[in-house]
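Below is one structure; the comments refer to it alone.
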Amino acid sequence: MAADGAAPARHLTPTGLRAASGGTVFEVFEYEMYRIARILLQGTSVTLEAGMLHYWLGNIQMQVQGPSLGGMAKSLLTKEKIVRPVYTGSGEIYLEPTFGEMEILELTGNDVWILDKGSYLASDISVQLGVYTNPVFTSIFGGEGMFQTQVSGAGKVLYWAPGPLQRIELRGQTLTVDGSFAVARTGSLDFRVEKATKGLFRSMMSGEGLVNVFRGYGTVMLAPVPNRYMTLLGEFGGLHRAIRSIKTS
């Protein structure tokens, strides 16, 4: 048995991703082909995305606060999860395994980050969760959607990415991305969808069309290449859908 009374995780291989502060520890392990996150609580609380719990061990209570009418209306409009349960106590919480990557973002108190839709997994109770609204044109053509999760305050945030991340620091420069693989960005940046070249016809002729553009001072976390498991999942998923469409036609 481990020192804290937990069962030994013999099959979990640490990825080296670990962050501890405020009585909680966030860490990511490898298990077979999967990534799995463990959150250690020591009389503290964390917020999880709805449906992300795999199992827990220890004296932990889950609290779910019923949404207000305004919250329900906002959830229907933004398609964000209406309830994010809070877990309080001492013990270990394991999140649903994934073929993708898991990363930890540490907020210092003055940070505001915008996460790609579906990327948020968990955070310290001290982290404030909100909704960021993109401009209409950007939301339609940028691939990020109109609404994204906004995190701010101080504490740790665990989020998902389809592949290894590349950190881009902008110091008044412009980052142009042909695709929707920007997983996270600081709220200080201006994010727009623009034509690749002057004139829509020239943009279409270039083969690029519309691109995502980030400007200003801040940070963008890119996942330019999905990892091997997400790549295989996409390939076989497409093949499976093609076979099903042949059978049903």
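At a glance:
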quantity	calculated
Residue, farthest from F99 (Cα to Cα), within the range 227-243, restricted to residues that are surrounded by 15 or more Cβ atoms within 10 Å (Cβ to Cβ) and at pLDDT below 85	L233
Filtered residue count, the range 109-124, keeping only those that are buried (at least 17 other Cβ atoms within 10 Å of the Cβ) and over 15 Å from V220 (Cβ atoms)	5
Residue count, the range 11-66 (criterion: part of a loop (DSSP other than H, G, I, E, B) and either closer than 22 Å to G153 by Cα or at pLDDT 95 or above (or both))	7
The range 120-143, residues that are within 15 Å of V183 (Cβ to Cβ) and either in contact with a Cys (Cβ under 8 Å, 6 or more places away or on another chain) or modelled with pLDDT of 95 or more (or both)	Y120, L121
From G179, G218, G209, residue being modelled with pLDDT of 95 or more and either surrounded by fewer than 20 Cβ atoms within 10 Å (Cβ to Cβ) or closer than 18 Å to V112 by Cβ (or both)	G218
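Matching residues to (1) touching a Phe, Trp or Tyr at 6+ places or on another chain (Cβ under 8 Å); (2) in a strand (DSSP E or B); (3) modelled with pLDDT of 90 or more:
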residue	(1), (2), (3)
E103	yes, yes, yes
T108	no, yes, yes
K117	yes, no, no
G145	no, no, no
Q173	no, yes, yes
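The values are calculated or read from the model by the stated rules, or taken from the named source; none is laboratory data. Small disclaimer: the values here were computed from a predicted structure and weren't measured. Methodologically, a virtual Cβ is constructed for each residue, glycine included, from the backbone with ideal geometry; neighbour enumeration extends over all protein chains shown.
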